[in-house]
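The values are calculated or read from the model by the stated rules, or taken from the named source; none is laboratory data. Only a predicted model underlies this, so the values are computations on that prediction, with no experimental measurement involved. Please note: Cβ atoms are built from the backbone with ideal geometry, for glycine as well, and neighbour counts cover all protein chains shown. With ligands, DNA and RNA removed, areas are computed over all heavy atoms of the protein, side chains included. Shrake-Rupley method; radii C 1.70, N 1.55, O 1.52, S 1.80 Å.
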Amino acid sequence: VKSKMVQEKGLLRFNHRRLIGIAAIAVLVVLPFINPPYLNLQFSLVLVYAVAVTGLNLFTGVAGQISLAQGAFFAVGAYTSGIMLQRWDLSLAWSIVPAGALAFILGLIIGVPATRLAGHYLALMTLALAVVTAPLLKHFGTYTGGVSGLSLKQPESPIGGVANDQWIYLLSLALALVIFFAAANLSRGRIGRALFALKDNRLAASGLGVNVARFKIIALGFSAGCAGVAGSMYAFAVGYIAPDSFDVLLTVGFLAAVVIGGAGRIFGPIFGSLFIVFVPNYASAVNPGLAGLAYGIAIVVFMVALPDGLVGLLRRLRRLIPRAQGEAATERHLEGRWVSLQGEDLGESPTDGQNGASETMVQTQRGTRNE
Amino acid sequence: MAHLFQQILDGLGAGALYALLALALVFVFRSTGIINFAQGEMALFSTYIGWQFTSSGVPPVVAILLSMVAGFLIGAVVEGVVVRRVEGQSHLTIIIVTFGLFIGFNSLAGIIWGYLVKSAPSIFPSASWDVAGTRISAESLGTIATLVVVLSVLYCFFQYTSLGLALRAVASNPQSSGLVGIRVGRMLMIGWGLSAALGAIAGSLAAPRFFLEPNMMFTVLIYAFAAAIVGGLDSPIGAVVGGLVVGVAENLAGSYVPWLGSDLKVVLPLLMIAVVLTIRPTGLFGSARLERV
């Protein structure tokens with residue numbers, strides 16, 4: 001009887017969540033008709049960034065791998081659309097798919113050496129990619145328009161009564177929802193569990209039959225594909241792309257968004273993207289360097305004090321409200337799907353091979369502390 | 001032939017610079033197992049402090065020493081205040097934190113000193129000598145000499161002083177060092193401080209060459225990473241050899257691979273990193289690290 005009750009409760013809870021979800025989507029659809037046009041552009045950017053950040057969140061937050069190449073893949077998507085539009089005058093729908101596909105394939109290609117590299121080496125390689133993106137774009141000026149960049153024809157609204165800025169917002173929303181559900185399903189299923197295992201303990205995962213290399217490549221491919229479609233949508237939303245928009249700050253911004261929202265949290269990218277759209281807006285009015293400083297401080301403070309980000313903070317605040325124990329248990333169970341214990345990658349420990357015993361002890365302690 | 005020698009010599013000059021920053025990376029990695037992505041930006045910040053002194057009339061050599069002191073303090077404070085709190089956590093956490101420091105220091109330098117290029121005076125005379133068709137500039141020679149001096153001082157420091165011994169002990173086994181009474185935390189702070197001071201030398205020597213602006217150290221950092229990877233991340237000798245190799249390769253590629261123009265030269269260290277990591281991840285002098293299963 002008891003188990004049935006729990007089940008019922010779970011079912012109810014699920015419906016309850018679904019209702020909230022539908023209401024949230026309804027609000028998001030109505031929003032552009034209330035907001036002024038400039039805010040619509042800002043919120044379009046939030047959604048576009050959220051797509052790229054969701055991809056990175058899967059790679060960094062779920063699989064525990066570091067990529068700073070997200071800005072580079074974003075640029076690949078933006079320029080694929082930009083160049084296709086310039087040459088063949090295609091519509092948005094025809095260029096967003098190749099943009100995502102190209103970034104996806106590049107992600108897979110980079111994923112091949114990346115699977116051999118762990119931890120800091122991967123960060124290093126991808127940082128180097130982030131640094132060369134802008135010079136490469138400037139170098140191939142015949143295609144990319146060089147320093148002056150490319151101007152794009154923005155998509156026009158086919159529906160009367162819906163202005164262009166509202167239409168762009170709705171397109172971004174549709175894209176964000178598709179990617180959001182794709183990522184949610186991906187991390188819930190077999191691939192997601194394999195990726196969580198990858199983060200927790202690479203060696204144990206491979207011992208249990210997870211093909212570490214393959215899942216890393218898949219995760220990077222998906223992550224890059226997200227950045228590709230996001231970049232493409234960005235190009236349409238802004239209507240202008242130039243190499244200097246794809247600098248190191250952009251890619252660090254994506255990383256900051258993952259951290260601020262909460263690494264591995266499915267709703268994290270939304271909070272993170274709100275931060276990286278609106279904070280630079282206000283900060284750059286004061287000083288061009290202030291946005292970067294805000295990113296830096298946010299990253300350090302969140303990693304040190306709030307490693308599970310804003311979403312984690314909200315959860316903890318909610319837990320302060322007392323309620324039935326059964327419900328709390330369900331909650332923890334659900335949570336387990338998104339959050340993994342912050343285990344250490346045994347293979348990369350600096351003290352490896354010298355004091356295995358004490359290391360295991362430390363790990364156990366940490367494990368209990370996180371519980 | 002004279003042209004080739006010229007390119008190699010110029011390359012060694014630039015390479016000595018990369019070697020200095022690579023040394024800083026290697027020392028941090030050896031002592032804490034962390035790749036400090038903020039090393040270049042910490043160096044940039046110290047360099048700006050040195051520049052501030054020069055612009056108010058302090059002689060350049062004294063300014064460099066002051067920037068080293070500033071660098072030491074920055075490194076020690078960063079270790080004590082920030083890195084200490086994430087030590088022992090997953091690599092992911094630590095690397096993300098150093099990226100936060102990276103963008104933070106970069107932007108803070110931009111906020112304080114602006115984004116306009118500043119010219120920094122060189123501590124070396126602009127003289128050059130002609131030897132058998134090869135022009136030897138005082139700057140290249142001076143940079144290489146600086147590297148040699150720094151290496152000798154570091155060698156003596158680590159081999160013959162008790163502080164150096166303690167630092168080595170902490171790097172090789174922190175737990176046991178703690179048990180014999182070495183203050184591990186303080187040693188780590190000093191280690192980070194020393195690395196940042198090394199970085200300050202690199203930054204100060206780079207400033208007249210690349211012009212001082214907030215993004216100056218991006219490419220220098222990439223070259224230094226290439227140097228450290230080529231030499232092996234845990235080998236100081238490797239960092240020096242790697243730095244010189246990378247510097248010479250950069251100059252040779254610049255003059256013999258024309259399509260690689262100056263704007264794409266930064267692709268070269270990227271390729272070197274990729275090739276070395278794929279073929280021989282431990283680099284030339286690095287030691288292989290075993291994985292426990």
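Below, the figures for the structure above:
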quantity	calculated
Qualifying residue in the range A:143-157 (condition: more than 30 Å from B:L92 (Cβ to Cβ), aromatic (F, W, Y) and outside any helix (DSSP H, G or I))	no
Matching residues, the range A:143-182, being within 14 Å of another protein chain (Cβ to nearest Cβ) and under 20 Å from A:S95 (Cβ atoms)	A:T144
When residues of the range A:96-133 are limited to those that are closer than 15 Å to A:A75 by Cβ and among the small types (G, A, S), the one surrounded by the most Cβ atoms within 10 Å (Cβ to Cβ)	A:A103
Check on B:L270, farther than 28 Å from B:S67 by Cα and of a type outside the set (S, T, N, Q)	yes
Qualifying residue in the range B:24-35 (condition: touching a residue at least 60 places away in the same chain (Cβ under 8 Å) and away from chain A (no Cβ under 14 Å))	yes
Single condition A:Q325 does not satisfy, out of (1) at pLDDT 50 or above; (2) open to solvent by less than 90 Å² (accessible area, probe 1.4 Å)	(2)
Yes/no for A:L249 being of a type outside the set (F, W, Y), within 14 Å of chain B (Cβ to nearest Cβ) and out of contact with any Asp or Glu (no Cβ under 8 Å at 6 or more places or on another chain)	yes
Qualifying residue in the range A:263-283 (condition: within 11 Å of chain B (Cβ to nearest Cβ) and within 13 Å of the chain's Cα centre (by Cα))	yes
Matching residues, the range A:51-86, being among the aliphatic types (A, V, I, L, M) and open to solvent by 10 Å² or more (accessible area, probe 1.4 Å)	A:A72, A:V76, A:I83, A:M84, A:L85
Scope the range A:275-290; condition over 23 Å from B:T93 (Cβ atoms) and in a helix (DSSP H, G or I); matching residues	A:V277, A:F278, A:P280, A:N281, A:Y282, A:A283, A:S284, A:A285, A:V286, A:L290
Scan of the range B:196-219 for residues that are farther than 19 Å from B:A145 by Cα, touching a residue at least 40 places away in the same chain (Cβ under 8 Å) and of a type outside the set (D, E, K, R), ordered by number	B:A196, B:F211, B:L212, B:P214, B:N215, B:M216, B:M217, B:F218, B:T219
Selection count where residues are out of contact with any Leu (no Cβ under 9 Å at 6 or more places or on another chain), without any contact (Cβ under 8 Å) to a residue 24 or more places away in the chain and not in a helix (DSSP H, G or I), scope the range A:105-128	0
Helices (runs of 4 or more DSSP H) completely within the range A:1-104 that count 2 or more residues being small (G, A, S) and at pLDDT below 80	A:2-34
Matching residues, the range B:124-141, being open to solvent by less than 80 Å² (accessible area, probe 1.4 Å) and in contact (Cβ under 8 Å) with a residue 60 or more places away in the chain	B:G133, B:T134, B:I136, B:S137, B:E139, B:S140
Test: residue in the range B:265-274 that is within 26 Å of B:S107 (Cβ to Cβ) and surrounded by 24 or more Cβ atoms within 10 Å (Cβ to Cβ)	yes
